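The structure appears below as structure tokens.
The values are calculated or read from the model by the stated rules, or taken from the named source; none is laboratory data. Remember, predicted model here, so these are calculated numbers, not experimental data. Note that we place each Cβ from the backbone using ideal geometry, even for glycine, and neighbour counts take in every protein chain shown. Each accessible area value is taken on the protein alone, full model and side chains, heavy atoms only, with ligands, DNA and RNA left out. Shrake-Rupley method; radii C 1.70, N 1.55, O 1.52, S 1.80 Å.
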Amino acid sequence: QVQLVESGGGLVQAGGSLRLSCTSSASMFSINVMAWYRQAPGKQRELVAAVSIYGSQNYVDSVKGRFTISRDNVKNTVYLQMNSLKPGDTAVYYCSAAHRGYAYWGQGTQVTVSS
């Protein structure tokens, strides 16, 4: 079992920044991929960004150049730095971990971007 605890969501104006954090109860060295997903009202959950244990990163096109995912394997934490936020980024953001063949999820943190 892996527990993921997210923090850092909130309300921000368009153009602003937020940093999300997700701390894992398991060692990050045992987690192949850490990722951030988001789900807006009435929409499907979508992958926002992912980072592998080797540090390779992937992003959905809509956030490229604005969001940065990183992981600290010593602190067992993954971050999502979100800059130049847009109202379309409003969603509940979920942290996810791929660990020993299973996917684990955090409880989600709300990000609201006002215009």
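Worth a mention:
- The alpha-carbon atoms of region 56-115 define a convex hull whose volume equals 111 cubic angstrom per residue.
- Accessible surface of Lys86, taken over heavy atoms with a 1.4 Å probe and every protein chain present, rounds to 100 Å².
- For Lys75, the aspartates and glutamates whose Cα comes closer than 15 Å to its Cα, not counting residues fewer than 8 places off in the same chain, are Glu6.
- Surface composition of the chain: carbon and sulfur atoms hold 49% of the protein heavy-atom accessible area at a 1.4 Å probe.
- Highest-first arrangement of 77-83, 63-69, 11-17, where packing means the average Cβ count within 10 Å: 77-83, 63-69, 11-17
- Under 23 Å of direct C-alpha separation, and excluding same-chain neighbours fewer than eight residues apart, Lys43 reaches these lysines: Lys64, Lys86.
- Legend: Rg and Dmax of the chain, from Cα coordinates, 13.3, 42 Å.
- For region 1-64, the solvent-accessible area with a 1.4 angstrom probe is 57 square angstrom per residue.
- Label zone at Ser70, where the point sits 7 Å out along the Cα-to-Cβ direction: region 2-30 residues whose backbone N lies under 13 Å: 19-21
- Euclidean distance between Cα centres, region 44-115 to region 9-42, Å: 4 Å
- Our summary gives the chain a relative contact order of 37 percent, counting only alpha carbon pairs under 8 angstrom and 6 or more residues apart.
- Approximate shape of region 1-57 as ellipsoid semi-axes (Cα gyration tensor, √5λ), whole Å, largest first: 23, 14, 13
- FRET efficiency, 1/(1 + (r/R0)^6) with R0 22 Å, evaluated for Gln39 and Asp61 via beta carbons: 0.80
- Ordered from largest to smallest accessible area (heavy atoms of protein chains, 1.4 Å probe), the residues Val113, Val33 come out as Val33, Val113.
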